[in-house]
1. Please list 99-105, 24-30 highest first by mean number of surrounding beta-carbon atoms within 10 Å per residue.
2. If I fit a long axis through the Cα atoms of helix 136-168 and take the longest principal axis of the Cα atoms of the chain, what angle between them do I get, 0 to 90°, rounded to 10?
3. Once you charge only the Cβ atoms, +1 for Lys and Arg and -1 for Asp and Glu, what is the size of the charge dipole of the chain about its Cα centre, to the nearest 20 debye?
4. Okay, which of the range 122-146 sit inside 12 Å, backbone N to the point 7 Å along the Cα-Cβ direction of ILE10?
5. Quick one: pull the percent of accessible area on the chain belonging to carbon and sulfur, 1.4 Å probe, ligands and nucleic acids left out.
6. Using a 10 angstrom cutoff on alpha carbons, build the Gaussian network for the chain and name the most mobile of THR177, THR146, THR18.
7. For a quick protection proxy, order the peptides 122-131, 67-76 by their average other-Cβ count within 10 Å, most packed first.
8. Compute, for LEU42, the solvent-accessible surface of its heavy atoms (probe 1.4 Å) with the complete set of protein chains present, and express it in square angstrom to the nearest 10.
Amino acid sequence: MQENFWAFLIFVIVMTGTPGPGNIASMALGQTVGFKRSIPFLSGVIIGGMIMDFLSAMGLAKLFLAYPQVSSVLKIGGLVYILYLAWKVLNMQAESSAKPKAFKFVEGLALHPLNPKHYAMTVSAFAQFVDPGANRITEIIIFVGTFTCGAALFHSLWCFAGESFIKMLRSPIVRHTVNISMVVLMVGATAYALYK
């Protein structure tokens, strides 16, 4: 990992910076409730991702290979959860109150454990970049730390970009259209990760 760190860093930037359920949900939430009110959800997403990175580094892929039915259940559960988040994003605009409810910490915490893209990303990164002959603890710290920093940076940037839309998109119809687009991308990215 230490010898391949720069290649690994580029991988992390590409994987955590591109559209996926975490980034798109963060953007839609930022667009609807603003960055500050999204912090509990963002914190949950980042901590949930860190836990999954650690579990992947500890051999989660071996569990999926040994028991393919666990992977299938996880994929179905992940799709159901992403659809639930998509439904919540769409309904935020329809709420009658002037201040729609923000997502909670727990909802963010559950995102990456149920996100098929996250599993594919971390399992392939660990297999590709970690040196089996190197100190295992050092490798895990670098692996988890780098992914956590990337997730914190990019989820926050996507959320902030969503908040910027509030200032540009004053029309509720346009904002609702943007939310619909975010939902389609979020569900589409999940479906792509499931069936590719």
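The values are calculated or read from the model by the stated rules, or taken from the named source; none is laboratory data. These numbers were taken from a predicted model, which means no experiment stands behind them. Ideal geometry is used to build each Cβ from the backbone, glycine not excepted, and the neighbour counts take in all protein chains shown. The area values use the complete protein model at the heavy-atom level, side chains included, leaving out ligands, DNA and RNA. Shrake-Rupley method; radii C 1.70, N 1.55, O 1.52, S 1.80 Å.
1. Details: 99-105: 15.6, 24-30: 29.4.
Highest mean packing first, the order is 24-30, 99-105.
2. Once rounded, the angle reads 10 degrees.
3. Numbers: 14 positive and 7 negative charges, 142 e Å.
Value, rounded to 20: 680 debye.
4. No residue passes the distance filter.
5. Roughly 73 percent, rounded to a whole number.
6. Among THR177, THR146, THR18, the largest GNM mean-square fluctuation belongs to THR177.
7. On the way: 122-131: 17.2, 67-76: 12.4.
Listed from highest to lowest mean packing, they are 122-131, 67-76.
8. 10 Å²
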